[in-house]
1. Could you tell me which residue of segment 95-121 is nearest to THR36 (Cα to Cα), considering only residues that are crowded, with 16+ Cβ neighbours inside 10 Å and without any contact (Cβ under 8 Å) to a residue 60 or more places away in the chain?
2. Yes or no: segment 70-84 includes at least one residue that is touching a Gly at 6+ places or on another chain (Cβ under 8 Å) and closer than 21 Å to PRO33 by Cβ.
3. Please determine whether any residue of segment 16-36 is assigned to a helix (DSSP H, G or I), at pLDDT 90 or above and open to solvent by 90 Å² or more (accessible area, probe 1.4 Å).
4. Considering each of LYS79, LYS93, LYS49, LYS100 in turn, give the residue that is in contact with a Phe, Trp or Tyr (Cβ under 9 Å, 6 or more places away or on another chain) and basic (Lys, Arg).
5. Of all residues in segment 74-94, which are open to solvent by 70 Å² or more (accessible area, probe 1.4 Å), closer than 22 Å to GLY24 by Cα and not polar (S, T, N, Q)?
6. If we scan segment 84-95, do we find a residue that is among the β-branched types (Val, Ile, Thr) and in a loop (DSSP other than H, G, I, E, B)?
7. Do you know which residues across segment 22-39 are aliphatic (A, V, I, L, M) and free of Cβ contacts under 8 Å to residues at least 12 places away in the same chain?
8. Could you say whether any residue in segment 57-66 is among the charged types (D, E, K, R) and in contact with a helix residue (DSSP H, G or I) (Cβ under 7 Å, 6 or more places away or on another chain)?
Amino acid sequence: LHSSEFKNNMDGYGKFINEVDVRGVDTFKQVKPDTTTIFVIPPSFEVWKQRLLDRGQMDDTELRSRLISAHNELLTAVKTTYYHFLVNDNLEKAVSGAQKIINGEIDTRHEEYGRRLALELLEQIDKF
């Protein structure tokens with residue numbers, strides 16, 4: 001990242017926030033091993049599909065392609081130990097949850113639930 005991108009993605013507390021695909025996260029982790037990584041997931045497969053469809057016209061082929069891509073990223077994240085899985089079922093709760101994770105306030109129950117849900121999503125994509 002260029003320094004201007006870095007400055008533009010700082011939160012008010014000097015923490016860098018950026019959206020990076022799972023391949024890019026490995027690079028961040030190599031440069032800064034204490035990087036906090038959050039994988040945001042939907043509360044269910046049906047909600048996920050609907051959110052994709054709500055983005056605009058999408059035929060079955062494009063939907064399947066997006067789900068395959070999401071499956072690959074989610075599978076990569078599940079195989080690592082450093083991702084925090086954040087369920088985005090409500091925007092306010094998700095923002096609050098992200099802030100807690102960033103501040104090191106880890107709720108083990110939410111972590112376990114998020115990882116279990118990620119595995120369920122993978123199974124449901126496989127069946128689709």
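The values are calculated or read from the model by the stated rules, or taken from the named source; none is laboratory data. None of these values were measured; they are calculated from a predicted model. All Cβ positions, glycine included, derive from the backbone under ideal geometry; neighbour counts span all protein chains shown. The protein model used for the area step is the full one, side chains on, heavy atoms only, and it has no ligands, DNA or RNA in it. Shrake-Rupley method; radii C 1.70, N 1.55, O 1.52, S 1.80 Å.
1. Ranking the candidates gives GLY97 first.
2. Yes: segment 70-84 contains one or more residues that are touching a Gly at 6+ places or on another chain (Cβ under 8 Å) and closer than 21 Å to PRO33 by Cβ.
3. Taking every residue of segment 16-36 in turn, none turns out to be assigned to a helix (DSSP H, G or I), at pLDDT 90 or above and open to solvent by 90 Å² or more (accessible area, probe 1.4 Å).
4. Going through LYS79, LYS93, LYS49, LYS100 in turn, the sole match is LYS49.
5. Result: LYS79, single match.
6. no
7. VAL31
8. yes
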